Amino acid sequence: MQIKSAKYLISSPSYEKCPKPDKPEYAFIGRSNVGKSSLINMLVNQKNLAKTSATPGKTQLINHFLINDSWYLVDLPGYGYAKRSQRDRNRWEQMIENYLRKRENLMNVFVLIDARHSPQQNDLAFVNKLGEWQIPFVLVFTKVDKEKPTVVLRNEKLFLEKMKESWQFLPQSFITSAEKKQGKEELLMFIQNCNEGK
């Protein structure tokens with residue numbers, strides 16, 4: 001898939017305020033500081049479409065981008081960032097849960113996992129929630145250029161083994177680097193296949 005156009009549409013405080021659900025939609029989510037904005041910018045060939053920030057927890061709304069005038073890419077707030085008040089975190093969690101469970105045009109969720117770390121509890125808890133809610137998702141291991149390939153493979157394997165404890169079938173997973181544009185073609189092909197109903 002060629003990305004010919006990518007434009008920011010709207011930031012919404014709740015799923016009811018999101019654009020009309022008239023196009024296929026793909027959401028990106030992960031722990032704060034997982035490299036989500038960099039990955040989105042790499043996918044759409046733009047430096048600053050999604051705002052990157054040195055301050056984790058910057059994304060606080062549901063951000064919609066229109067890609068090729070035919071599908072939506074959604075940047076969701078990161079989870080697991082401790083420096084916010086419990087009330088703020090509860091509000092975000094509720095907003096994200098409502099969006100994920102009630103957005104009828106949501107095709108797939110890309111759950112970003114930092115490949116430099118062994119399995120993190122909040123990542124595992126989040127994918128288990130998606131399973132509970134029966135929401136389709138894939139795993140995207142990020143920042144692979146920042147670690148030795150053997151460590152990346154070990155961390156991916158450990159994560160999938162952890163999932164096997166409670167999952168019968170494992171989701172598809174991708175290895176990516178925003179710096180080196182690794183995984184870009186595979187992710188775009190996956191989206192294209194979903195859009196074409198394959």
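Taken together, the values in this text are just the output of simple stated rules run on the coordinates, not laboratory data. The structure displayed is predicted, hence computed values, not measured ones. Note that each Cβ is placed from the backbone with ideal geometry, even for glycine, and that neighbours are counted across all protein chains shown.
Miscellaneous remarks
- Summing charges over all other residues whose Cβ lies under 10 Å from the Cβ of Asp75, with Lys and Arg as +1 and Asp and Glu as -1, gives +2.
- With both residues required to sit in the chain, DSSP beta bridges show an antiparallel share near 40%.
- Prolate/oblate/rounded label for the range 90-198 (Cα gyration tensor, a/c 1.5): oblate
- Nitroxide proxy distance, nm - points 7 Å out along Cα→Cβ at Glu186 and Glu16: 4.1
- Length gained when the stretch Asp88-Gln60 is fully extended (0.36 nm per residue, less Cα-Cα span): 9.1 nm
- Between Ile3 and Ser173, the distance separating the two model label sites (each 7 Å from Cα on the Cα→Cβ line) works out to 2.4 nm.
- For Asn45, the shell of other residues with beta-carbons less than 10 Å away shows a net charge of +4, using +1 for Lys and Arg and -1 for Asp and Glu.
- Gyration tensor (alpha-carbon) shape descriptor, the chain, a/c threshold 1.5: rounded
- Whole-number percent relative contact order across the range 6-195, with pairs defined as alpha carbons under 8 Å at least 6 apart: 24
- Among 147-156, 162-171, 21-30, the order from most to least packed when residues are scored by Cβ within 10 Å on average: 21-30, 147-156, 162-171
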